[in-house]
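Colleague: Structure incoming, see below.
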Amino acid sequence: MSSTTAKLSYLAGATRFRRISEKLYIDGDKVYSEAGIKFKASWFPVYYVLAINDSSLTIMQIAERIDFSHITVKNVIRELEQEELVTVTPNPSDKRSKLVSLSTKGQKQIYRLKPLWISYSTALKNIFQSGHPDFMNILQRIDNQIEKSSIQQIIEHPDPESVTVVDYRPDLDKHFHELAGPWLTGEANGILEEEEGINLQKPEEAHFMEGGFIFYARYKDQIVGFAALKRLTDYSFECSSIFINPNYRNNGIDTRLIERCICRSLENQASELWIQAPVNTPEVLDTYQKLGFGEKEAPEQMQVLEQTGRVMCLEF
């Protein structure tokens, strides 16, 4: 990377993404070439979606499934057709479109490609994780943000007061009590189970002594939420406490906090992250499911709380 590009920082972000992408495509083409297979890395998404479907697909259907533009998919299909890897036929139900499927040659090619894909996937994992263990989720969050708001919209309507997540500091202890207090006097009727009582009284001892973490969500100059990450075993954690100021709920703050828990778990080479969903909270359950958590029987190291409706796990 040139010194000029490095100095440009965020202004060179798109350039660096493109350079990395082009390098990966070039290296991918070399892998296929050295294996004696006439195939391009840029063909993979289109080819793969055809390989996993039993029936033919239209170009529009392919584009929607891989989030590519119609013209990009059309160009790839043209190249695949030239190599006789796909067949393109008229669509009997819509004369304006064509149906695409793998040809006999294309289907046979799968058996030669699969071993390369496995090796290439492992290599890509090592490359991406050299940037950060949670790189793929980070990339997903960037993708989601771009879909939500264009650069132009962000420039025209900047939000300097967006939520940020910060690590624990001793001077933030008071916010732990402030945020958990309303829940304690409301939903819990002033009664805490033993483990939660320890968390509220001495949050840093309850988590840090066992190798855990605490994160706070900040909006403007105010702490509006926190999440505690508790270590269960050497390779598993539990997102054991999440509290959001009622005035700031339904703003995605819980998602930001859980994403930090996921990120920190991956940084510590965890294989599992557990979480407990309260009873009768479908919106909470939906958030956890969108983040990849699935229902699973609690491990023996987890203390399942009385108000828990479902125990869920995200496996890495």
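The values are calculated or read from the model by the stated rules, or taken from the named source; none is laboratory data. Remember, it's a predicted structure, so these values are computed and weren't measured experimentally. We place every Cβ from the backbone using ideal geometry, glycine too, and count neighbours over all the protein chains shown. Accessible surface is based on the protein model in full, side chains and every heavy atom, while ligands, DNA and RNA are left aside. Shrake-Rupley method; radii C 1.70, N 1.55, O 1.52, S 1.80 Å.
For (1) surrounded by fewer than 16 Cβ atoms within 10 Å (Cβ to Cβ); (2) touching a residue at least 40 places away in the same chain (Cβ under 8 Å); (3) in contact with a Cys (Cβ under 9 Å, 6 or more places away or on another chain), each residue gets a yes or a no:
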{"residue": "A217", "(1), (2), (3)": "no, yes, no"}
{"residue": "K220", "(1), (2), (3)": "yes, yes, no"}
{"residue": "I223", "(1), (2), (3)": "no, yes, no"}
{"residue": "A227", "(1), (2), (3)": "no, no, yes"}
{"residue": "S241", "(1), (2), (3)": "no, yes, no"}
{"residue": "N250", "(1), (2), (3)": "yes, no, no"}
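Colleague: Still on this model: Taking the criterion of being open to solvent by less than 50 Å² (accessible area, probe 1.4 Å), modelled with pLDDT of 65 or more and charged (D, E, K, R), would at least one residue in the stretch 155-172 satisfy it?
Modeller: The answer is no; no qualifying residue exists.
Colleague: Please name all residue pairs, on different chains or six or more residues apart, with Cβ atoms under 6 Å, provided the first residue is in the stretch 82-96 and is closer than 15 Å to Q61 by Cβ and the second residue is not in a strand (DSSP E or B).
Modeller: V86/L80; V86/S103; V86/G106; V88/E81; N91/S97
Colleague: Given the condition modelled with pLDDT of 95 or more, open to solvent by less than 10 Å² (accessible area, probe 1.4 Å) and among the small types (G, A, S), answer yes or no: does some residue in the stretch 276-284 qualify?
Modeller: No, that holds for no residue.
Colleague: Of all residues in the stretch 23-70, count the ones that are part of a helix (DSSP H, G or I), open to solvent by less than 40 Å² (accessible area, probe 1.4 Å), aromatic (F, W, Y) and farther than 21 Å from N91 by Cα.
Modeller: 2
Colleague: May I pose another question? Please specify each residue of the stretch 252-275 satisfying the condition of being surrounded by fewer than 14 Cβ atoms within 10 Å (Cβ to Cβ) and either among the acidic types (D, E) or in contact with a Pro (Cβ under 6 Å, 6 or more places away or on another chain) (or both).
Modeller: E267
Colleague: Of the conditions (1) surrounded by 13 or more Cβ atoms within 10 Å (Cβ to Cβ); (2) under 29 Å from I142 (Cα atoms), G13 satisfies every one except a single condition; which number is it?
Modeller: For G13, the failing item is (1).
Colleague: Scan (1) under 16 Å from V165 (Cα atoms); (2) part of a strand (DSSP E or B) for the single condition A277 breaks and write down its number.
Modeller: (1)
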